[in-house]
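The values are calculated or read from the model by the stated rules, or taken from the named source; none is laboratory data. No experiment lies behind these values; they were computed from the predicted model shown. Don't worry about glycine lacking a Cβ; one is built from the backbone with ideal geometry, like all the others, and counts go over all protein chains shown.
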């Protein structure tokens, strides 16, 4: 019997949910956290905890952190790393799931809330039949719902796929392979707050239908969290919102009267300079008005109030005049400019420029042994053959900053661009290369992940990677005004900061390949979101036309700087012959030819080198080691044994055939030794192959 040190009973709510028992439990573990909930679904168990700081933090942002902790023991595994066996820095996959949980939660706190809030979802046990991420989201939201913080939840989400034309949640590994959709939808009772998808060129309607299906399916999860909250009885915590006073807000809005609007609706380079000048003038006049000493203490409030005035002006222009901050129409795309082949010593390169946003992409090709092994707690780790990495240093926004390892944003943007490209890549059998695509952001003004997608597509084609179709990406925005809403194509920073949604979508002429949608309002209906998805189609097509004007198709051959790779398909049972005892044979081939050799479990052998002669020599060697005997084929063999009834001839490595005395010559011979000698090379033909026994003949074969 478990004894709760607080003397409280364990509280639980449970029900059947999509074929498995689901329970939310409070009081068993996590006694000193602000709130903790143990969630079990099937054999997956996740602990969600919340710790809230006891005093406001003096920061100009909400210090919320959401972490997803994967534990290898949860899946009965020990890390595959040779040197590190305990969990350390989160894997990219864990960071991405942490972001997945964070994104629907963060908008549900009031602006100006400054208490430090830490949310941790720890996977303690993992059912191998499905991924645990949405169970972790449920655990995190359940704990927040009990923490007494101003959280306008609860939230819930589902990861769904489409198998045989039917939507389904909690897909098995086998079902995920055949599904043409990987869609995560999360939100509150009233609407959706976050969507993320990877897809195999599906239609816009498929995404819309999937969102609607998932929204309906996760409603019981909302109800369970509210039921648990009613049973527990939550004490609301006191808090103070940090935001400008009414007096300061009035001063900022009065000062900007007549200074914004049409006067600052300029291309962003000019607009940003005008707004910076206005900000400087505003602070100077406020200092003169209330005194330098008093103003210094309130400067952050005045600065924030001015920013809010800028945002309101941007929204008003869109709602009242149908004009965006830089003067564009709602569906208008910023000026585009691109080029390929910009770097001399890389395998493929491009620059994609849209307005002030600019992305350079560099592609590197390598043998499959350079693919990244994925080591997580999940059972089917596999490997990443295509790796997209994204870098955006602080100088790209015109600010100084620390250089270091990529943060959560960089990992997330790289992953989104990676998912966008994956559906159009050639198979390993057709193109046996590991591919690394690196986006170096050169300038930021919104939609850099979409610029990364477009630049990657061009660089891949420049490198000669035979992608199936051009992929483009666009970021959409939304401004709500009561019951009306306005969808914006290709949003920039000003519209992102002032708007209510950031929606990124990528795809080909056939359909959508990736999607990421974040709402800043507290949930939107699927019908509203569908308008943004549909409007994105024309924008993506416009950008694809631009890409095609720069490079319309992959180059006919890969870069001359990239390694050449040839593939040989062998019988998997022959792999041992190529590797040899203790790797002796494969190491010998590599040493003598200079080629690099990789062997897959299915018998696909890839041979790589910058020297064609090295590849040819290695391929011939491997074929010799693994070739299957074929009736009617002539071989040059060596006599390795002589008997009274005939001779044994080695025709392939490790493969001997029987040459009967009657099959050595056209005329009758008395002794084998009259014609053949040990070690002699002869041409023979296979004339029979039965039960693994090879019959040879020299008759009719010119020597």
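Some observations on this one:
- Of the residues examined, residue 531 is not one that is in the same structural domain as residue 451 (by TED's automatic domain parsing) and in a loop (DSSP other than H, G, I, E, B).
- As for the range 664-681, it holds at least one residue that is part of a strand (DSSP E or B), touching a strand residue (DSSP E or B) at 6+ places or on another chain (Cβ under 6 Å) and not assigned by TED's automatic domain parsing to the domain that holds residue 568.
- Verdict on residue 587 being surrounded by fewer than 17 Cβ atoms within 10 Å (Cβ to Cβ) and more than 20 Å from residue 431 (Cα to Cα): yes
- Taking strands (runs of 3 or more DSSP E) as the structural unit, those lying wholly within the range 1-102 and holding at least 1 residues that are loosely packed, with under 15 Cβ neighbours inside 10 Å correspond to 11-17, 20-26, 44-56, 64-69.
- Within the range 216-258, the residues that satisfy the criterion of being over 13 Å from residue 308 (Cα atoms), modelled with pLDDT under 95 and touching a helix residue (DSSP H, G or I) at 6+ places or on another chain (Cβ under 8 Å) are 232, 234.
- Pairs where the first residue, in the range 229-251, is within 22 Å of residue 146 (Cβ to Cβ) and the second is part of a helix (DSSP H, G or I), C-beta under 8 Å, 6+ apart: 229/145; 229/146; 232/146; 234/145; 234/146
- Boolean, residue 401 is within 15 Å of the chain's Cα centre (by Cα) and surrounded by fewer than 15 Cβ atoms within 10 Å (Cβ to Cβ): no
- The single condition from (1) without any contact (Cβ under 8 Å) to a residue 40 or more places away in the chain; (2) more than 22 Å from the chain's Cα centre (by Cα) that residue 564 fails is (1).
- Taken over the range 385-415, the residue count meeting the criterion of being in contact with a strand residue (DSSP E or B) (Cβ under 6 Å, 6 or more places away or on another chain) and without any contact (Cβ under 8 Å) to a residue 24 or more places away in the chain is 1.
- Residue in the range 500-509 that is under 30 Å from residue 109 (Cβ atoms), in a loop (DSSP other than H, G, I, E, B), in contact with a helix residue (DSSP H, G or I) (Cβ under 8 Å, 6 or more places away or on another chain) and assigned by TED's automatic domain parsing to the domain that holds residue 433 present: no
- Residues satisfying the stated conditions in the range 463-482, i.e. crowded, with 24+ Cβ neighbours inside 10 Å and closer than 12 Å to residue 532 by Cβ: 474, 475, 476, 477, 478
- Some residue of the range 372-394 being surrounded by fewer than 20 Cβ atoms within 10 Å (Cβ to Cβ), over 21 Å from the mean Cα position of the chain (by Cα) and more than 25 Å from residue 565 (Cβ to Cβ): yes
- Residue among 514, 532, 498, 492 that alone is buried (at least 18 other Cβ atoms within 10 Å of the Cβ), under 25 Å from the mean Cα position of the chain (by Cα), in contact (Cβ under 8 Å) with a residue 60 or more places away in the chain and closer than 28 Å to residue 316 by Cβ: 492
- Some residue of the range 145-167 being closer than 30 Å to residue 236 by Cα and part of a helix (DSSP H, G or I): yes
- Residue among 186, 212 that alone is outside any helix (DSSP H, G or I) and either without any contact (Cβ under 8 Å) to a residue 40 or more places away in the chain or within 28 Å of the chain's Cα centre (by Cα) (or both): 186
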